[in-house]
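Student: Below are the structure tokens for one structure; questions will follow.
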Amino acid sequence: MQIDTVSLSHTTTGTARSLTVYRFGDTNKRPQLYVQSSLHADEVPGMLVAVHLCNRLEALERDGKVRGHVVVVPCANPIGLSQSIQGAAFGRFALADGTNFNRHFADLTQGAAARVLGRLTKDAEQNIALVREALGQELMATRSTTELASLKRALLELSFDSDYVLDLHCDGESVSHVYTATSLAAQCKPLAALLGAEALLTAEVSGDNPFDEAISRPWAELARMFPDHPIPQASFSATIELRGETDVSDALAARDARAIIDFAVLNGVIDGAPPEIPEAKCAATPLAGVLPIVTPRAGVVVFAKTPGDRVNVGDEVARIVDPLTRESISLKSDIAGVMYARLRLRYVTAGQRIAKIAGANAVRSGKLLSP
Ligand SMILES: [Zn+2]
């Protein structure tokens, strides 16, 4: 086991932040698995999963079972972790510029395309090496003057050439669910089943380049841009939503860490008997099929549905109660599906998304992720 420190550039004088990086197995070996947690800083369940994961990996390494290389970043966002405002955590958006920490990662596709133009061969393995080199050079060429930009670049530098990349998040109150690229859905199904995920949401482009898409999408796009040359999808990535913000326990973390280890065994990163894949709790459905329930009024939200509940068209999801008039309105679902996540707070403002339902058919377009 090796523990590295990656320093971020500082925006203001007299401050210094860094990432702590755990490494298991030989750095030059493949397959390489990269796991990071809490890019939205106050999404804590993944931090405990990372602790359990590192403990397991340390033992596996001692037993000579780490065949490839595993990288774990337990706290991927030290900037967001420091953004506590009078006791209230504020880890989703950067106070410096208001942007979501998991958006606007560098899109390396066009630059990498220019670098591989005329150099691709008919050999898929050679092309993988060439594209990885081009992506790395393109990443090195990106500028990062602010601490926030240096954080995003550092996370990509640690992960862009990995075979498997897992980004651990959580929702407000939620059951486990997973986001991945549509083209990676089949590869993601065993992972979703191992995690007990109740929604597997897929999109080719979900909007504003979140971390997982920054890793996997260049491969899909380069393959489309150069159809005469074989370019396999050499980086798999997925965003794992580990239930709700307060679903933090050793039992849950141990279970999720085991699922990630099983995924690593399944893909040859770790030696071991092939894990038994449980029956999937859900099919892959389009992210465009997710219907956010939006309240038109402010008030107290009284939920009628619990995360994981199946919902039919016309079912009441929640009531919004106006405490001044004592009147309430009923918010119903326009689609059938699973209500996989809901807000953690119980006072809502007009226009707020209070719950999300995953349906089988696309009902939205444009930017598909929550703000
Ligand atoms: Zn998140």
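Student: Only residues that are part of a loop (DSSP other than H, G, I, E, B) and over 21 Å from Ala336 (Cβ atoms): list them for segment 290-317, please.
Tutor: Scanning segment 290-317 gives Pro296, Arg297, Ala298.
Student: Shifting gears a bit: Mind checking which residues of segment 341-371 are surrounded by 12 or more Cβ atoms within 10 Å (Cβ to Cβ), farther than 21 Å from Asp322 by Cβ and of a type in the set (S, T, N, Q)?
Tutor: Ser370
Student: Specify the residue that is nearest to the ligand (Cβ to nearest atom); the eligible residues are those in segment 217-248 that are polar (S, T, N, Q) and in contact with a helix residue (DSSP H, G or I) (Cβ under 8 Å, 6 or more places away or on another chain).
Tutor: Thr239
Student: Tally the residues that are within 16 Å of the ligand (Cβ to nearest atom), in contact with a His (Cβ under 9 Å, 6 or more places away or on another chain) and assigned to a loop (DSSP other than H, G, I, E, B), restricting the search to segment 170-208.
Tutor: Residues meeting the conditions: 2.
Student: Applying the selection to segment 125-156, what residues are of a type outside the set (A, V, I, L, M, F, W, C) and farther than 24 Å from Pro74 by Cα?
Tutor: Glu125, Gln126, Asn127, Arg132, Glu133, Gln137, Glu138, Thr142, Arg143, Thr145
Student: Determine whether segment 266-289 contains at least one residue that is part of a helix (DSSP H, G or I), in the same structural domain as Leu53 (by TED's automatic domain parsing) and out of contact with any Lys or Arg (no Cβ under 9 Å at 6 or more places or on another chain).
Tutor: Taking every residue of segment 266-289 in turn, at least one turns out to be part of a helix (DSSP H, G or I), in the same structural domain as Leu53 (by TED's automatic domain parsing) and out of contact with any Lys or Arg (no Cβ under 9 Å at 6 or more places or on another chain).
Student: Assess whether Ala129 counts as being within 27 Å of Thr27 (Cβ to Cβ), among the small types (Gly, Ala, Ser) and without any contact (Cβ under 8 Å) to a residue 12 or more places away in the chain.
Tutor: In short, yes.
Student: Pairs, please: C-beta under 6 Å, at least 6 apart or cross-chain, first residue without any contact (Cβ under 8 Å) to a residue 12 or more places away in the chain and in segment 209-224, second in a loop (DSSP other than H, G, I, E, B) and surrounded by fewer than 23 Cβ atoms within 10 Å (Cβ to Cβ)?
Tutor: If the second residue must be in a loop (DSSP other than H, G, I, E, B) and surrounded by fewer than 23 Cβ atoms within 10 Å (Cβ to Cβ), the pairs left are Ala223/Ile231.
Student: Here is a further query. Looking at (1) out of contact with any Leu (no Cβ under 9 Å at 6 or more places or on another chain); (2) buried (at least 22 other Cβ atoms within 10 Å of the Cβ); (3) not small (Gly, Ala, Ser), find the lone condition where Gln187 falls short.
Tutor: Status for Gln187: all satisfied but (2).
Student: Scan segment 1-40 residue by residue and report those that are within 16 Å of the ligand (Cβ to nearest atom), part of a loop (DSSP other than H, G, I, E, B) and either touching a Pro at 6+ places or on another chain (Cβ under 8 Å) or free of Cβ contacts under 8 Å to residues at least 40 places away in the same chain (or both).
Tutor: Ser38
Student: Among the listed residues Leu108, Leu48, which satisfies the condition of being among the hydrophobic types (A, V, I, L, M, F, W, C), closer than 26 Å to Leu252 by Cα and touching a residue at least 40 places away in the same chain (Cβ under 8 Å)?
Tutor: On inspection, the qualifying residue turns out to be Leu48.
Student: Could we say that Gly68 is closer than 18 Å to Ser162 by Cα, buried (at least 17 other Cβ atoms within 10 Å of the Cβ) and not hydroxyl-bearing (Ser, Thr, Tyr) here?
Tutor: yes
Student: Let me ask you something else. Going by the conditions given, is Arg255 under 26 Å from Arg342 (Cβ atoms), away from the ligand (no atom under 16 Å from the Cβ) and among the basic types (Lys, Arg)?
Tutor: When the stated conditions are applied, Arg255 passes them.
The values are calculated or read from the model by the stated rules, or taken from the named source; none is laboratory data. Keep in mind that this is a model prediction, so the values were computed, not measured. Don't worry about glycine lacking a Cβ; one is built from the backbone with ideal geometry, like all the others, and counts go over all protein chains shown.
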